[in-house]
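Worksheet: the structure to be examined is printed underneath.
The values are calculated or read from the model by the stated rules, or taken from the named source; none is laboratory data. Here the structure is a predicted model, which is why all the values come from computation and not from measurement. With ideal geometry, Cβ positions are generated from the backbone for all residues, glycine too; neighbour counts draw on all protein chains shown. All accessible areas refer to the heavy atoms of the entire protein, side chains included, with ligands and DNA or RNA removed. Shrake-Rupley method; radii C 1.70, N 1.55, O 1.52, S 1.80 Å.
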Amino acid sequence: MHKLAQLDRDYVWHPFTQMRDWAKREPIILERGKGSVLMDVHGKKYLDGNASIWTNLHGHNHPRLNRAIKAQLDKISHSSSLGLANKPASLLAEKLVKAGGRPLKKVFFSDNGSTALEVALKMSYEYNRRIGRARSPRFLSLGGGYHGDTVGAASLGQIELFRQSCNGLLFKADKVISPNCYRCPFNKAKPDRRDARIGRKCKWECIGKLEVKLSSRKYGALVLEPLIQGAAGMIMHPSGWLKRAVRAARNSGTQVIADEVMTGFGRTGTIFAVQRENAVPDYLCLAKGMTGGYLPMAATLTTQDVFDVFLGEYDEFKSFFHGHSYTGNQLGSAAALASWELLKDSKGRARRKVLEKMLACELETLWQLAAVGDVRQEGLVAGVELVDDWQTRKPFPLKAQVGARVCEQMANRGILTRPIGNVVPLLPPYCTTDAQMRRMVRALRESIIEVLGGPRV
Ligand SMILES: Cc1ncc(COP(=O)(O)O)c(C=O)c1O
């Protein structure tokens with residue numbers, strides 16, 4: 001066993017991992033990266049098929065990002081935002097506000113996706129109390145929604161498995177049906193192809209149910225992942241759902257928290273997913289890709305209206321009492337500014353469009369496989385749902401670990417991604433080449449065949 005593997009086994013506790021299983025095999029120990037390629041300590045190369053858990057945008061070891069970070073490093077790495085300002089954070093805030101859309105005027109920086117949600121949650125809670133809408137505002141989130149692991153963010157989540165382990169600790173957030181067309185109880189379309197996902201006779205029962213829920217009480221906010229529910233299994237919402245949902249919230253006077261921790265920064269085609277449907281949230285939560293996947297940093301954007309509610313005389317104590325030691329970190333902000341320039345580059349945008357089409361084309365071949373129930377794609381996010389019976393959409397039991405087994409085979413073929421139950425995600429970094437994209441999907445196809453068998457009969 002490699003000595004680093006032994007150190008890992010002896011001392012490291014990994015997230016979302018059954019450590020008894022982890023200890024049974026030697027882990028992949030990554031040492032280097034270049035573009036979409038990762039290299040382990042033995043020199044074996046892999047493709048980064050999930051952009052290092054949905055964070056990396058432009059590839060690893062990018063010269064422009066490296067240069068920006070090194071230049072910042074030579075000046076200063078970090079100074080506190082408590083009582084002090086700094087240049088890269090101010091420049092970054094301006095860029096985010098200008099891109100975020102008109103009502104979003106202020107940026108509150110934090111460290112990761114969960115804290116971006118905590119900030120939005122606490123702001124919204126206090127805002128609703130101060131305007132007199134509710135004394136103890138409740139929140140509404142979607143079935144299968146995931147918003148992070150800190151206690152507040154986890155309370156907004158609706159994945160039962162994650163809630164169970166610390167249920168008594170979490171506060172109650174109400175749940176409303178998510179627009180999961182593939183598993184929609186009202187979808188009677190034949191499950192044989194892509195168009196089976198969105199029932200042709202859909203009557204938008206999910207929006208009807210949301211409207212009923214929103215009218216049942218004065219919620220603080222509706223919390224949602226726009227266009228794609230990532231941890232729910234890359235559930236892609238039907239076109240138009242987001243716009244309708246935000247309108248329904250507006251009509252009931254409910255704020256909207258858009259969690260773009262995964263979808264932000266070009267993943268779904270536009271810079272932010274809400275822009276695809278001209279939806280305007282009261283809070284926009286950003287993290288993961290913000291620094292190009294280099295450094296942990298997050299932002300919560302909000303409106304002037306919310307900001308103003310926290311203004312007052314010093315001894316009114318209306319300040320937003322929240323902050324982290326690394327808020328507005330200078331190195332992270334410098335990385336985010338460099339990543340932003342790459343993201344806005346027109347050649348890069350055109351390339352993302354080409355990659356999107358190519359991914360769709362390659363994924364098409366998976367529909368022939370008996371174990372593939374659904375192939376979903378939105379921008380540069382794909383999710384392949386593995387099923388026991390594609391005709392009835394019967395899922396595999398979680399304990400069969402089919403997603404994990406398929407991903408293990410993919411790793412043997414040099415592609416790294418992490419399953420979400422029975423769903424295999426693919427989120428290539430934007431610098432992925434045509435050949436690398438083909439290799440990713442080919443490895444997925446071969447791995448499914450190896451673990452679960454071949455074509456439908
Ligand atoms: C939509 C969404 N929100 C929040 C989070 C939490 O982000 P972090 O892991 O950076 O705390 C995630 C993480 O996957 C996410 O996908």
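The apolar share of the surface of the stretch 68-344, taken as the fraction of accessible area on carbon and sulfur atoms (1.4 Å probe, ligands and nucleic acids excluded), comes to 54 percent.
Would you mind classifying the chain by shape? Square roots of the alpha carbon gyration tensor eigenvalues, ordered a ≥ b ≥ c; an a/c under 1.5 is rounded, otherwise it is prolate if a/b is larger than b/c and oblate if not. Cα axes put the chain in the oblate bin. Between K105 and R138, the modelled label-to-label distance comes to 3.2 nm, taking each label 7 Å out from Cα in the direction of the beta carbon.
Under the combined filter of DSSP loop state and at most 14 neighbouring Cβ atoms within 10 Å, the stretch 13-49 retains these chymotrypsin sites (Phe, Trp or Tyr not before Pro): W13, F16.
Label-to-label distance for T392 and S80 is 6.2 nm, based on points extended 7 Å past Cα in the beta-carbon direction.
The trypsin sites (Lys or Arg not before Pro) of the stretch 66-161 meeting both criteria, a DSSP state outside H, G, I, E and B (loop) and at most 13 other C-beta atoms within 10 angstrom of the site's C-beta, are K75, R135. Of the beta bridges in the chain, as assigned by DSSP with both residues counted there, near 70 percent are antiparallel. Charge tally for V306 (other residues, Cβ to Cβ under 14 Å; Lys, Arg +1; Asp, Glu -1): +3. Please work out the Cα center distance from the stretch 1-55 to the stretch 365-434, rounded to the nearest Å. The stretch 1-55 and the stretch 365-434 have Cα centres separated by 20 Å.
Counting only lysines at least 8 places from K357 when in the same chain, those with an alpha carbon closer than 22 Å to its own are K344, K347. Each Lys or Arg adds one and each Asp or Glu subtracts one; over the other residues with Cβ under 13 Å from the Cβ of K213, this totals +2.
The helix-based estimate of mean residue ellipticity at 222 nm for the chain, built from -39,500 (n - 2.57) per DSSP H run of four or more residues and divided by its residue count, is -11000 deg cm²/dmol to the nearest 500.
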